[in-house]
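One structure is given below, encoded as structure tokens.
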Amino acid sequence: MAGLRVPRNAAAPWRHLDFSLIAATVALASLGIVMIYSATNHKLEQSGIDPYFYVKKQATWIALGAVLMAVVATIDYRRLREFAPVLYGGAVLVLAAVISPVGSNAKGAQAWFQLGPFKFEPSEWAKVVLILCVASYGASHRGELSGRQVLGVLVLAAVPMALIELQPDLGTNLVFMAILMAVLLVAGARPRHIATLTVLGIVGSVAVLQLGVLKQYQVDRLTAFLHPTGDVRGSTYNLHQSVNAIAAGSLTGKGLFKGTQTNLGFVPEQHTDFIFTVVGEELGFAGAITLLALFAIVVWRTWRTAGLARDLFGTLLCVGVLAMFVFQVFENVGMTMGIMPITGIPLPFMSYGGSATIACFVGVGLVLNVHMRRFA
Amino acid sequence: MSLDSPRLRLGVLGVVVASLFAALLARAWYLQVVQAPTARLEANGNRVRTVTIPAPRGRILDRQGRPLVVNQEINAVTVSRAQLSKRSDVLEKLARVLVMPVDELQRKVDDKRFSPYKPVPVAENVPKDKLIYIGEHAADFPGVEGVRLTQRAYPQGNIAAHLLGYVAEINDKELAARKNKGYKAGDEIGKSGIEAAYEDDLRGSPGIEQLEVDARGRVLRTIASKLPSTGHDVKLTVDIDIQKLAEDSLDRGLKAARAANDRERKKHFLAPAGSVVVLDPHDGSVLALASNPTYDPAKFIGGITLADFAALQDPAQGSPLTDRATQGQYAPGSTFKLITSVAALRAGVINPNSSFTDAGCYLIGGSKQRVCNALHESHGPVNVTRALTVSSDVFYYHLGDVFWQTRRQNGETPIQDVAHEFGLGKSSGIPVGGESPGLVSTPETRRKLHDKYPKAYPNGQWFAGDNVNLAIGQGELTVTPLQLANAYAAFANGGTLYEPRVADSVIDADGKPVRTVAPKANGHVDLPPSVRDPIMRGLLGVTSDPRGTAAGAFSGFSQAGFQVAGKTGTAQVVNKQDTALFTCFGPFPDSRYEVTVVMEEAGFGADAAAPVARRILDVLAGHTPKDITVTGIPGD
């Protein structure tokens, strides 16, 4: 019996690439491009613009994201940890700059820099930086976090979150909170601290809604899902049209590019936050299951990598990325189907948008990184 | 493995993640499988808008196909009130484009005569470049539209205004009655005259367009469309030339009467109104139907103002909207003697030669109640022929009296029965609406009047005097000019009472006939020669005998080849000057025209009404018409 020949460099990282994760990511991004085309080509054509305008841009973002993903995967994540303080400082500076007059304003939020034809949205990048920093901090305490250390994590996160709240961008802060909770949980925070934070989170949300911190339109939008039969032409309009588009898709959908709610522009912000309605209407329940399954693969591979990771930092990195994806998918898809409040959170890999797409690819890059180096 | 290991905590995280995904899946299932059917319906309703395209109405043509009512397309600017209320600067901008004051524009927008359901036209005959400008800057003018409107137009002006009628916005009552015919609020509908009578033919069927629209209401494509089909044209029996002739002659006659002196009242005749009916006795076709005063139907285009509409109905201004030919009710006076004559001859109360001496006055029932001829002149011994020619009242007083005395044999209402046979006392059936029924007074109608208005009619009984009065066409008896013309037309054609026929045929937009409106006989009057001939001779004598009542009016009228039979009438009206009537037909014996003229407060039939008829007949007979003069000299 021939003995198994052990490769010389069995631990070489490139031999342990997670192809399932890459395949699922690519599939999602490709589906995203098709859906963006469906959501935008009519309107663009009517305005006399190239119907592939958004598609071409999004393809560029995906290509850029893929390159960055490779770069992030190549640099050993343990070395990345050394950059954490620098990245944190940089993120805080950029977030401060974006709310200064240097940043650009649209739809009531000061959230990005206009760089020529491109928009650079620092809060999307800040999510990845936060994951890196919180994982780094959490990993330095051997799987047990005292109350004091939990507080330390919170203070660490509070600075960028405060700056983001000034934009204001409630959605991204909710993602931040999800990341914090997940990392704290796995990093070893005590159950009673987790419980306390959860209660604080709930009380905080109610307070924010009740105490007039938000503008009325924000409150209306956030709570619209609680009373869906309200004013159909007013604040619940988005929600009503979105839910209706998805439901009209039925089992197998109206067919690709054949959704009437989609083509006729009844769903607002469809190529960005409401991209799931295109899947729901045109591809039906079958399409929705497929999409959720692809996300499930990404999440499952990330979760699995968290368990396989060589060290706690690797685990926490994966947990942070997982929390980001899961929260964004649940919040975004849930909002289009009327079970979550409407906040501006993009659907990972699917929604049109450069910073968000690239940040998601970087997140996958981190997971690949941890996966590749589980033996090294 | 410790219970508090990262692995366990990852497990907890995994469970949370799995339940979140499960929740999304469950929700997707609920929406896309359970709720899908209703959602599909709603999504469809979102994108499909149904628009009705009104069909151009058909035209109204005269008997030779000459247009009386047509459609004209105009460029107009309309403003939607609902959309305007949100933006106050739009009117100012629009006023600049249209070069008109903002106040005027605002007044037009607020104009109550326009439908609340439709955009209000604020400017008409707008130059094309301005329409294009507004179209190109649609975003600056929300609710403002440049459109082509179809409106009624009247190439012949006021001609036959009453007969043609007008169109206006449908009201709630009409809408309720016609909902299943596809009418909607804001639609136009024929309100009177031919426009109303032939509404179903003229209207056409509106087109329906199903449009796919986007979320902003912009039209993307037409899903399905049914083109509107233009309404059918209605070809009338009326001849424009005869109609004009009738209207013109009537107008001249009324003016002449106003210039004449009423010797009895020592003032000019008021002659405020009148009407002319020209029928073809062969089939009841209406050749002309004139009513004076008249109005301009163009006032109704695009909606009439309340003030204008009130003026058209104001009695002080002669109620121009009233069609006196079909709606005016007048005592027929001596023109009714045709009926009394037929009744008497048929009942055998007299024979053609029965003579009665007209001494100028008559004592009813041999009593002391004395009734006299209008001028107290005596005609000597007269038979029925002579009595008609010279219009002897006494002869007919006597007949009325005799009928009353012989009511056991002849019944209580022998005269009225014949009147009914001639179509009096009930609508002639002309399809044009609003016709008055007139009244043939009987002991029964008297009783009813008394029961209803005990003060105005203190006595509910019918006496010999009432019969005497009835015999010469007075009392409560009333007829419309159309009924009178129709009765004489029936006599002229040998006894067939036709329903007056105004439309000859309905033809489609390509000129192909859709249907022909056949003549319709409503009854038959039994007129054996022994009855008809002596009466006919009497009526012929009216215009041709030197002592005929209309001999003066017809002096110089060449009867060769165009013999005219007629009857004058002068009806007394309480507190008013006399109504002048004249009804005639010719050329005898195969009469093609029946002409009836009725003029309110114009004096004597022979003096005021007969010259109008004569002028019409002059033209119809190919003579040169004479000027009309009214002398005020008493006649009948």
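The values are calculated or read from the model by the stated rules, or taken from the named source; none is laboratory data. Predicted model, so just to flag it, every value in this text is computed and none were measured. Here Cβ is always computed from backbone atoms with ideal geometry, including for glycine, and neighbour counts include all displayed protein chains. When the accessible area is computed, the model is the full protein with side chains, heavy atoms only, and any ligands, DNA or RNA have been set aside. Shrake-Rupley method; radii C 1.70, N 1.55, O 1.52, S 1.80 Å.
List the aspartates and glutamates whose alpha-carbon lies under 15 Å from that of B:LYS512, not counting same-chain residues fewer than 8 positions away?
Candidates past the 8-residue exclusion: B:ASP201, B:ASP233, B:ASP504.
What is the log10 of I(q)/I(0) for region A:98-193, computed with the Debye formula using one identical point scatterer on each Cα and no solvent, at q = 0.16, 0.17, 0.18, 0.21 Å⁻¹?
Values returned for q = 0.16, 0.17, 0.18, 0.21 Å⁻¹ are -0.68, -0.73, -0.79, -0.96.
Ignoring ligands, DNA and RNA, what percent of the accessible area of the protein assembly as shown is carbon or sulfur (1.4 Å)?
Details: 25160 of 43570 Å².
Answer for the protein assembly as shown is 58 percent, counting heavy atoms of protein chains only.
Between A:LEU154 and A:THR252, what's the calculated FRET efficiency when r is the beta-carbon distance and R0 is 56 Å? Round to 0.05.
Values: r = 47 Å, r/R0 = 0.84.
The formula returns an efficiency of 0.75 here.
Using Cα pairs under 8 angstrom and six or more residues apart, how large is the relative contact order of chain B, in percent? Intermediate results must be reported in sequence, preceding the final value.
On the way: 1376 pairs, mean separation 92.4, N = 636.
Once divided by the residue count of chain B, the mean separation gives 15 percent.
Can you tell me the 0 to 90 degree angle between the C-alpha axis of helix B:6-29 and the longest principal axis of chain B, rounded to 10?
20 degrees
Between 0 and 90 degrees, rounded to the nearest ten: what's the tilt of helix B:36-47 against the longest Cα principal axis of chain B?
With both axes taken from Cα atoms, the answer is about 60 degrees.
With Cβ to Cβ distances under 14 Å as the rule, what net charge do the other residues near B:GLN483 carry (K, R +1; D, E -1)?
Local charge sum for B:GLN483: -3.
Among B:256-268, A:284-296, what's the highest-first ranking by average C-beta atoms within 10 angstrom per residue? Before the final figure, lay out each step's value.
Numbers: B:256-268: 15.7, A:284-296: 20.5.
Per-residue Cβ counts within 10 Å, averaged per peptide and sorted highest first, yield A:284-296, B:256-268.
How big is the B/A interface in buried accessible area, both sides summed, 1.4 Å probe, to the nearest 100 Å²? The partial results should precede the final answer.
Values: alone 29740 and 17370 Å², together 43570 Å².
Result for this pair: about 3500 Å² buried.
Which cross-chain or sequence-distant (5 or more) residues have an amide H under 5 Å from the amide H of B:THR480, H modelled 1.01 Å from N in plane?
Here B:TYR330 satisfy the definition.
In nm, to one decimal, how far is the B:ASN575 label point from the B:ASP111 one, both placed 7 Å along Cα→Cβ?
In this crude spin-label approximation the distance works out to 3.9 nm.
Using a Gaussian network model of chain A with C-alpha springs under 10 Å, which one of A:ALA27, A:ALA11, A:ALA157 is most mobile by mean-square fluctuation?
Result: A:ALA11 has the largest fluctuation of those listed.
Tell me the mean residue ellipticity at 222 nm calculated for the protein assembly as shown from its helices only (DSSP H runs of n ≥ 4, each -39500 (n - 2.57), averaged over every residue, nearest 500). Numbers along the way, then the final one.
Values: 37 runs with 464 residues, N = 1012.
So the calculated ellipticity at 222 nm is -14500 deg cm²/dmol.
Compute and list, largest first, the equivalent-ellipsoid semi-axes of region B:287-415 from the alpha carbon gyration tensor, each √(5λ) rounded to a whole angstrom.
Each semi-axis is √(5λ); the values are 44, 16, 14 Å.
In Å², and per residue, what accessible area does chain B have when probed at 1.4 Å with the other protein chains present? Walk me through the intermediate numbers first.
Numbers: 27870 Å² over 636 residues.
Per-residue value: 44 Å².
To make sure I understand the rule: partners must be lysines, Cα under 20 Å from the Cα of B:LYS93, and not fewer than 8 residues away in the same chain. Which ones qualify?
Within the straight-line cut-off, B:LYS93 pairs with B:LYS108, B:LYS128, B:LYS130.
Which percent of Cα pairs goes in each bin when the distances of the protein assembly as shown are cut into 20 angstrom slices starting at zero?
In whole percents, the pair-distance histogram is 11, 28, 18, 14, 14, 11, 4, 0.
Over all distinct alpha-carbon pairs, what is the Kirkwood Rh of region B:170-260 in angstrom? Mind showing how you got there, number by number?
Details: mean 1/r = 0.0574 Å⁻¹.
Every distinct Cα pair counted, the radius reaches 17.4 Å.
Could you check the simple spin-label distance between B:HIS524 and B:GLU377, using points 7 Å along Cα→Cβ, in nm with one decimal?
4.1 nm
Suppose a student asked you for the relative contact order of region B:367-517, using Cα pairs under 8 Å spaced at least 6 residues apart; what percent would you report? Write out the running numbers ahead of the final one.
Numbers: 166 pairs, mean separation 33.2, N = 151.
Across region B:367-517, relative contact order equals 22 percent.
Rg over Rh of chain A, using C-alpha atoms and the Kirkwood radius, what does it come to? Don't skip to the answer; put the middle values down first.
Details: Rg = 21.1 Å, Rh = 21.6 Å.
That ratio is 0.98, to two decimals.
Using the basic label-point model (7 angstrom from Cα toward the beta carbon), what is the B:THR357 to B:ALA22 distance in nanometres?
My value for the distance between the label points is 12.8 nm.
Across 5 Å bins from 0, what is the distribution of all Cα-Cα pair distances for region A:301-376, in whole percents?
All Cα pairs considered, the percentages come to 3, 18, 23, 19, 15, 12, 7, 3, 1, 0.
Could you work out the relative contact order of chain A, using alpha carbon pairs under 8 angstrom and six or more residues apart, expressed as a whole percent? Walk me through the numbers before you get to the answer.
Details: 577 pairs, mean separation 110.3, N = 376.
Answer for chain A is 29 percent.
Give me the Debye-computed log₁₀ of I(q)/I(0) at q = 0.07, 0.08 Å⁻¹ for chain B, equal point scatterers on Cα only, no solvent, two decimals.
-0.57, -0.69
In straight Cα distance, which lysines are under 30 Å from A:LYS127, not counting same-chain residues fewer than 8 positions off?
A:LYS56, A:LYS57, A:LYS107, A:LYS119, A:LYS215
Taking the alpha-carbon centroid of each part, what is the distance from region B:466-534 to region A:257-299 in angstrom?
The distance from the Cα centre of region B:466-534 to that of region A:257-299 comes to 77 Å.
Please average, across the residues of A:290-300, the number of beta carbons from any other chain that are within 10 Å of each residue's own beta carbon, and give a whole number.
Numbers: counts 0, 2, 5, 2, 0, 2, 5, 0, 0, 5, 4.
Taking the mean over all residues of the peptide, I get 2.
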